[in-house]
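Working notes, beginning with the structure itself.
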Amino acid sequence: MPRRNELEEAPRAPVKAKPGAAPKGSSLHKKVASVDPPTWAASMALLARVLKARGSPAPGRWGLLDAGAPRRWRPEGARLSAGARAEDKGAGRRGAPRAAGRTEGPRSLAAMPGPHPLANLVEFFWKDGFGRIHEIQQKHTREYGKIFKSHFGPQFVVSIADRDMVAQVLRAEGAAPQRANMGSWQEYRHLRGRATGLISAEGEQWLKMRRVLRQRILKPRDVAIFSGEINQVIADLIKRIYILRSQAEDGETVTSINDLFFKYSMEGVATILYESRLGCLENSVPQLTVDYIEALGLMFSMFKTSMYAGAIPRWLRPFVPKPWREFCRSWDGLFKFSQIHVDNKLRDIQCHMDRGETVRGGLLSCLFLSQELTLEEIYANMTEMLLAGVDTTSFTLSWAVYLLARHPEVQQTVYREIVKNLGERHVPTAADVPKVPLVRALLKETLRLFPVLPGNGRVTQEDLVVGGYLIPKGTQLALCHYATSYEDENFPRAKEFRPERWLRKGSLDRVDNFGSIPFGFGVRSCIGRRIAELEIHLVVIQSNNIGEKHPQEAPSLYPGSTASWQVTSLPKPLLSSPVSHG
Ligand code: HEM
C-alpha cells in the first residue's frame, strides 16, 4: 500500500471570499475575477447514460422492483422474476469462477446488500438523485459497503466503490468493452438513418472506429502538433478577457468564467476536430454556433429529460412525449452543426484536389483521405466527440481556476515553477508541459476532487467474481470513481486540495492510479484525453503571461505580476456541486 502525503484540511462550506483576501500590499487583491464552480450537468448527463434505465433491459435478466428485494418480501411460492433469477445465479454454481483465496464458492447477487429498490426510486426520481450521484455514491458506500446493488427503474446495477475491485474489473476487460446500455442513443440514430459514433457504438463497429481514431489522437505526440492552433485560441481568449474587463463595472472584474472557458473549450476542440474556427470568442458569435450552443445546452440542461427519454418505456411515450421529443431535438441540433462543418471541410478539400494541390491537414482531412470511415461515421464521431469534449474540459478548467483562487499559496508555487522552468513570456508548446510538473499535478488533483464523471460504467462480458460475489455476464456495473477519489485510504486527507501529492518523489509519494481515473482506463478510455490535457495545460501556463505583458490592466492567474483569479462569490450552481470548498 503506497504511503501518501499528509494534507491540510479543506474548507467545506461555500464562502464569499473578499477581494482583499490576497496578501495585503500585493497587487493580487486588486483585481478580482469571480469563478463559478461549474455545474455537473455534463457529468450527470454522461453518467446518466451510464446508469440509464432503458425500457428494454437485457432479455430475461432484470425485473422492475423485485430483483433486489429481500427474499422475505416474496410471497410464498411466488415465481422468481427474471431479475431475481439473475441475482440468484452464482452461489455454488458449477463452473463458477472462484474468488482468490476463498474456500467456499462466491456468493450470489441475491446476498449482496443495497438500498431498497423503492427507496432508490424515490431517491433518484423524486429527490433529484441524478444531480447528487456523487453524494449518493458515498452514502451508499457507507451504508452497504464497497460493493452493493441498486435499481434504477428497470435497470439493475452493481456499484463498486473500491480501488482494487475497480482495477480488477477494468483489467479483465475484453477487446471491445461495453460501457452501458446505449439503446436510446442507438434508437435515435436508427430513426434518423445516422451512424453510431465512438460513444454509442458497440462491438465490431466500435472496434473499427476506435482503431482508426486512436491512431490519430490518442498519444500525446499525436496531439502535440495542435499546440499552435490551441495557442491561437488562447490568444483570442486573452483578448476576450481584456474586452470583458474593459466592459466591467469596476473595470477589472471578469465574471462568467464558466462561460468564458466553455467558449474556449468549444473553440479549442473544434479547431482540432473540424480544422476550422467557430468564432466562439468573437464579440458577435456566428448564428450557427449560437444554435449549436443552444442544442448542447438543451442536451445538458435537459439531461434529466433526456435520461428519462431512455428510462421511459416506448409504450409510455404517447402519454409522456416530451422527454423523447427533446432528446431527439437536441441530437438533431448537434448532428446538424457537425454535418455543416464537416461538409465545409470536405468542399474545401475537394477544391484543393480539383486544383491538383496536395492536401495537408489535420484530423478531419486524414479521415477523409484515408477513407477508413464512411462519411456518416465521420459525422457521428465528430458529433459525439464535440459533445464529449466541450463541457468536460471547460468544467475542469473552471474547477482548476476555482481551486487556485481558493489557494493563493498554490498559485504562487505554480507561478514560480513556470517562470523558473519556462521563463517569463514563453508561449508554450506541448513539449514544454513536462517541464512544469506542477501544472500537470494541478490538473490531476482538480480531476480527483471534481471528476467530470463521478462514475463510469461497464457491462460485464463474462461472469466475474468481484468482492466475493459472482457477477453474471451482462450485468451493468457502476464504477464509483468519486467515492474512491475521496477515500483517505487511497488519498490521505482526501478532501484537501494538494496537487503536490501527484509529484512522485519516490515511493512515499506514489499515488495509486485506480483511486482516481478521471479519463477511465483501458481500451475504452477517453479518446480525447490528450486533447483535453493539451488545452488545459497550455491555457494554465499561458495565463501566467497575461499580466506580464500588460502589467497595469491584465488579469492573471498568478501573483508576482498584477493580479489573480479570486473568488468573490459562489453563484448557486444549476446542479449540486460535489464539494463546497469554502
Ligand atoms: C477533462 C476532460 C475530459 C474528461 C474528464 C473525460 C472523461 C471521459 C471518461 C471518463 C470517459 C469514459 C472512459 C471509459 O469508459 O473508460 C470518456 C470517454 C470519451 N471521451 Fe472524454 N473526457 C474529457 C474530454 C474529452 C474530449 C476533449 C473529447 C473529444 C475530443 C472526448 C471524447 C470522448 C469520447 C469519444 C469518449 C468515448 C470513447 C469510447 O467509448 O471509445 N473526451 N471521457
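Among what's in the stretch 168-199 and is small (Gly, Ala, Ser) and closer than 24 Å to Thr271 by Cβ, pick the residue that is farthest from the ligand (Cβ to nearest atom). First the steps, then the outcome.
Residues of the stretch 168-199 small (Gly, Ala, Ser): 172, 174-176, 180, 183-184, 193, 195, 197.
Keeping just the survivors that are closer than 24 Å to Thr271 by Cβ gives 195, 197.
Details: Ala195: 14, Gly197: 7 Å.
Going through the qualifying residues, I end up with Ala195.
Give me the pairs, please: first residue somewhere in the stretch 204-229 and without any contact (Cβ under 8 Å) to a residue 60 or more places away in the chain, second residue anywhere and assigned to a loop (DSSP other than H, G, I, E, B) and loosely packed, with under 14 Cβ neighbours inside 10 Å, beta-carbon distance under 9 Å, and either six or more positions apart or on two chains.
Leu207/Ala175
Kindly evaluate Leu373 against the criterion of being part of a loop (DSSP other than H, G, I, E, B), closer than 23 Å to Trp206 by Cβ and of a type in the set (A, V, I, L, M, F, W, C). Give the steps one after another, and end with the answer.
On the way: part of a loop (DSSP other than H, G, I, E, B): yes; closer than 23 Å to Trp206 by Cβ: yes; of a type in the set (A, V, I, L, M, F, W, C): yes.
It is true that Leu373 is part of a loop (DSSP other than H, G, I, E, B), closer than 23 Å to Trp206 by Cβ and of a type in the set (A, V, I, L, M, F, W, C).
Can you list residue pairs whose Cβ atoms sit under 6 Å apart, with the first residue in the stretch 371-386 being more than 18 Å from Tyr188 (Cβ to Cβ) and the second being modelled with pLDDT of 95 or more and within 13 Å of the ligand (Cβ to nearest atom)? Count only pairs 6 or more apart in sequence or on different chains.
Listed pairs, sorted by first residue: Glu372/Val212; Leu373/Val212.
For the stretch 523-541, what are the residues that are among the β-branched types (Val, Ile, Thr) and either touching a Gly at 6+ places or on another chain (Cβ under 6 Å) or more than 6 Å from the ligand (Cβ to nearest atom) (or both)?
Matches in the stretch 523-541: Val523, Ile536, Val539, Val540, Ile541.
Residues are listed down the side, and each one gets a yes or a no for (1) in contact with a Ser or Thr (Cβ under 7 Å, 6 or more places away or on another chain); (2) away from the ligand (no atom under 16 Å from the Cβ):
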{"residue": "Gln247", "(1), (2)": "no, yes"}
{"residue": "Asp250", "(1), (2)": "no, yes"}
{"residue": "Phe262", "(1), (2)": "yes, no"}
{"residue": "Thr271", "(1), (2)": "no, no"}
{"residue": "Glu275", "(1), (2)": "yes, no"}
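Of the residues in the stretch 318-369, how many are among the hydroxyl-bearing types (Ser, Thr, Tyr), in a helix (DSSP H, G or I) and farther than 20 Å from Gly528 by Cα? Show your work before the answer.
Here is the first cut: in the stretch 318-369, the ones among the hydroxyl-bearing types (Ser, Thr, Tyr) are 330, 338, 358, 365.
Pick out the ones that are also in a helix (DSSP H, G or I) and you get 330, 338, 365.
Add one more test, that the residue is farther than 20 Å from Gly528 by Cα, and what stays is 330.
Qualifying residue count for the region: 1.
How many residues are more than 11 Å from the ligand (Cβ to nearest atom) and within 19 Å of the chain's Cα centre (by Cα) if we restrict to the stretch 200-219?
Looking only at that region, the number is 1.
Across the stretch 87-110, what is the number of residues that are modelled with pLDDT of 50 or more and surrounded by fewer than 16 Cβ atoms within 10 Å (Cβ to Cβ)?
Initially, the stretch 87-110 is screened for residues modelled with pLDDT of 50 or more, giving 87, 103-110.
Imposing the further condition that a residue be surrounded by fewer than 16 Cβ atoms within 10 Å (Cβ to Cβ) reduces the set to 103-104.
Of the residues in the stretch 87-110, 2 are modelled with pLDDT of 50 or more and surrounded by fewer than 16 Cβ atoms within 10 Å (Cβ to Cβ).
Take the stretch 277-289 and flag every residue that is within 16 Å of the ligand (Cβ to nearest atom) and more than 24 Å from Leu375 (Cβ to Cβ).
Residue satisfying the conditions is Cys280 alone.
Please enumerate the residues belonging to the stretch 498-531 that are hydrophobic (A, V, I, L, M, F, W, C) and either under 17 Å from the mean Cα position of the chain (by Cα) or modelled with pLDDT of 95 or more (or both). Spell out how you get there, then give the answer.
Within the stretch 498-531, the subset hydrophobic (A, V, I, L, M, F, W, C) is 502-503, 508, 511, 514, 517, 519, 521, 523, 526-527, 531.
Answer for the stretch 498-531, where residues must be hydrophobic (A, V, I, L, M, F, W, C) and either under 17 Å from the mean Cα position of the chain (by Cα) or modelled with pLDDT of 95 or more (or both): Phe514, Ile517, Phe519, Phe521, Val523, Cys526, Ile527, Ile531.
Of all residues being surrounded by fewer than 19 Cβ atoms within 10 Å (Cβ to Cβ) and either modelled with pLDDT of 95 or more or in contact with a strand residue (DSSP E or B) (Cβ under 8 Å, 6 or more places away or on another chain) (or both) in the stretch 176-190, which is nearest to Arg458 (Cα to Cα)? Just the residue, please. Step through it out loud before you land on a result.
Let us first name the residues in the stretch 176-190 that are surrounded by fewer than 19 Cβ atoms within 10 Å (Cβ to Cβ), namely 176, 183, 186, 190.
Among the residues that remain, those that are also either modelled with pLDDT of 95 or more or in contact with a strand residue (DSSP E or B) (Cβ under 8 Å, 6 or more places away or on another chain) (or both) are: 176, 190.
Details: Ala176: 11, His190: 23 Å.
Per the criteria, the residue is Ala176.
Got a number for residues in the stretch 422-471 being away from the ligand (no atom under 16 Å from the Cβ) and either within 30 Å of Val158 (Cα to Cα) or among the hydrophobic types (A, V, I, L, M, F, W, C) (or both)? Talk me through it step by step, then tell me what you get.
Of the residues in the stretch 422-471, the ones away from the ligand (no atom under 16 Å from the Cβ) are 422-429, 431-432, 434-438, 462-471.
In the following step, the residues that additionally are either within 30 Å of Val158 (Cα to Cα) or among the hydrophobic types (A, V, I, L, M, F, W, C) (or both) were identified as 422, 427, 431, 436, 438, 462-471.
Total satisfying the criteria: 15.
Among the residues of the stretch 223-264 satisfying the criterion of being part of a loop (DSSP other than H, G, I, E, B) and within 25 Å of the chain's Cα centre (by Cα), which is farthest from Leu403 (Cα to Cα)?
Ranking the qualifying residues of the stretch 223-264, first place goes to Ile225.
Picking from Arg355, Arg329, Arg317, which residue would you name as being modelled with pLDDT under 85 and surrounded by fewer than 19 Cβ atoms within 10 Å (Cβ to Cβ)? Give the derivation first.
On the way: Arg355 fails: modelled with pLDDT under 85; Arg329 fails: modelled with pLDDT under 85.
Going through Arg355, Arg329, Arg317 in turn, the sole match is Arg317.
The values are calculated or read from the model by the stated rules, or taken from the named source; none is laboratory data. This is a predicted model, so every value here is computed, not measured. Glycine also receives a Cβ, built like all others from the backbone with ideal geometry; neighbour counts cover every protein chain displayed.
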